Amino acid sequence: MQARVKWVEGLTFIGESASGHQVVMDGNSGDKAPSPMEMVLMAAGGCSAIDVVSILQKGRYSVIDCEVRLTSERRSEAPRLFTHINLHFIVQGKGLTDKAVARAVSLSAEKYCSVALMLEKTVNVTHSHEIHDAG
């Protein structure tokens, strides 16, 4: 996997993936775009959400919506590393069971989400979930 990051101006940069997609990043506390640390947080949420939806769909559950609300804590001094991240899944669908959603979240956390698993080496990563029945 390869990528590149190009300086635009000030502390604004454009990242480009090998697949040709671009994202803007801002080092000024997210003044013009997400900061790199916000991108890491969103990457963990995106990776995990993909897993959870995919696992539930493969289990033939009807998923209508999935949102991950991420909260984090960081060190106050440099380097301002994450110390804790919680991924709270809000899954809406028909006939979803707590057991099925909990299993999907656990599988993502323990086996599939490479972003969260990588972060877990140095960060306390926790997961929670709730279900909204669209029945």
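Please treat every number below as a calculation from the coordinates, not as lab data. Note that the structure is predicted; figures quoted are calculated from it, not measured. Cβ atoms come from the backbone with ideal geometry, glycine included; neighbour counts cover every protein chain shown.
Of the residues in the range 84-112, how many are under 12 Å from the mean Cα position of the chain (by Cα) and of a type in the set (Gly, Ala, Ser)?
Qualifying residue count, the range 84-112: 2.
In the range 77-99, which residues are out of contact with any strand residue (DSSP E or B) (no Cβ under 9 Å at 6 or more places or on another chain) and among the aliphatic types (A, V, I, L, M)? So that I can check it myself, show each step before the final result.
Kept after step one, since they are out of contact with any strand residue (DSSP E or B) (no Cβ under 9 Å at 6 or more places or on another chain), are these residues of the range 77-99: 77-79, 99.
Ala78 - this is the single residue of the range 77-99 that is out of contact with any strand residue (DSSP E or B) (no Cβ under 9 Å at 6 or more places or on another chain) and among the aliphatic types (A, V, I, L, M).
Tell me, yes or no, whether the range 2-14 has at least one residue that is of a type in the set (Ser, Thr, Tyr) and either free of Cβ contacts under 8 Å to residues at least 60 places away in the same chain or more than 25 Å from Asn124 (Cβ to Cβ) (or both). Spell out the reasoning first.
Of the range 2-14, the ones of a type in the set (Ser, Thr, Tyr) are 12.
Narrowing the set further to residues that are either free of Cβ contacts under 8 Å to residues at least 60 places away in the same chain or more than 25 Å from Asn124 (Cβ to Cβ) (or both) leaves 12.
Within the range 2-14, one or more residues are of a type in the set (Ser, Thr, Tyr) and either free of Cβ contacts under 8 Å to residues at least 60 places away in the same chain or more than 25 Å from Asn124 (Cβ to Cβ) (or both).
Given the range 16-135, what strands (runs of 3 or more DSSP E) lie entirely inside it while holding 3 or more residues that are buried (at least 16 other Cβ atoms within 10 Å of the Cβ)? Give the steps one after another, and end with the answer.
Numbers: elements: 22-26, 62-74, 82-94, 124-133.
Qualifying strands (runs of 3 or more DSSP E): 62-74, 82-94, 124-133.
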